[in-house]
Amino acid sequence: MQARASALRVGTFALVILGCTATLPAQSVATVGELLAAVVGQSADLQNYFVIPVAGHVEGANETEFRTDVTILAAGSGSQKVAVAWLAQGLDNSGRPLEFLRVGPGPVFVPDMVVRTLGQSGLGALVIAAVTSEGALDRSARLRGFARIWTPAPGCSGTSSLALEPGRFREGLLAATGLLLDPGHRGNLGLVNPNTSARTFLVYPMYPTVEISVPPASMRQVPIPYANESGAPVEVHVQIDGGGVFAGYASSVDQFSGDGWLVNFGPPE
């Protein structure tokens with residue numbers, strides 16, 4: 001019998017052979033590396049995941065103890081299964097198991113997520129993605145989120161915090177603007193590498209250009225080795241040597257009050 005059709009359409013997971021159509025299930029994700037590969041490999045315009053480029057539960061100076069509260073919102077009136085990947089700083093987290101939550105309808109607030117939900121501590125990054133009930137990346141879902149990094153303020157009953165809008169993985173030259181790096185402020189730079197091998201990041205406008213290596217499926221935070229004595233706002237640029245997608249942030253913190261702000265890397269203006 002002559003075959004009437006023979007085609008494989010990978011994008012829609014539809015297999016057509018001998019005039020019969022069968023649906024191939026999307027691959028489920030169980031580890032950080034599998035989730036990152038699925039997220040990076042999909043269309044860039046999908047809104048089914050977000051990156052919190054810095055999170056953790058970390059003891060700081062002057063009796064501070066920083067923790068990360070996360071809010072997750074899935075579009076629609078039903079519930080949504082989500083996968084949470086923890087990318088501990090300085091480690092290859094590719095084989096780390098994912099944690100799974102069910103959120104919605106409406107926003108879900110997760111206090112001190114790194115400790116209470118993930119059972120981790122220290123500094124890292126979070127990738128949160130919508131998945132199907134079978135555990136495959138849900139390409140029809142839309143997720144939004146928000147994070148607050150905070151500590152009880154020493155000497156009073158209040159708190160000190162940084163607000164953080166989640167980002168996404170992008171490629172090319174990216175920028176963070178509005179930073180103060182004068183003597184009254186200190187700056188940090190954080191980079192998230194979702195790729196399967198270590199990457200070297202090139203940071204401008206430092207002279208000479210600063211190179212920062214980040215392991216696969218990991219993040220790294222370093223002080224910004226640059227000072228602008230004029231006190232004018234500074235724009236920092238970053239790209240991967242040789243190309244590749246990444247996420248990241250830069251921050252400025254007042255040396256005296258602890259007040260600060262954090263800016264995600266995005267396309268330059």
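Values quoted throughout were computed directly from the atomic coordinates according to the rules given, and no laboratory measurement underlies them. Note that the structure is a prediction, hence the values are computed from the model and not measured. Cβ placement follows ideal geometry from the backbone for every residue including glycine, while neighbour counts extend to all protein chains displayed.
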Most to least packed among 54-61, 154-161 [average Cβ atoms within 10 Å]: 54-61, 154-161
Amide proton proximity set for Phe265, modelled H, under 5 Å, gap of 5+: Gly248, Tyr249, Ala250
Residues of the range 168-199 with amide N under 17 Å of a point placed 7 Å along Cα→Cβ from Glu235: 172-181
Between 0 and 90°, nearest 10: helix 32-41 axis offset from the chain longest Cα axis: 70
Relative packing of peptides 69-80, 247-258 - highest average C-beta neighbours within 10 Å first: 247-258, 69-80
Inter-centroid distance (Cα atoms) of the range 25-103 relative to the range 204-251, Å: 22
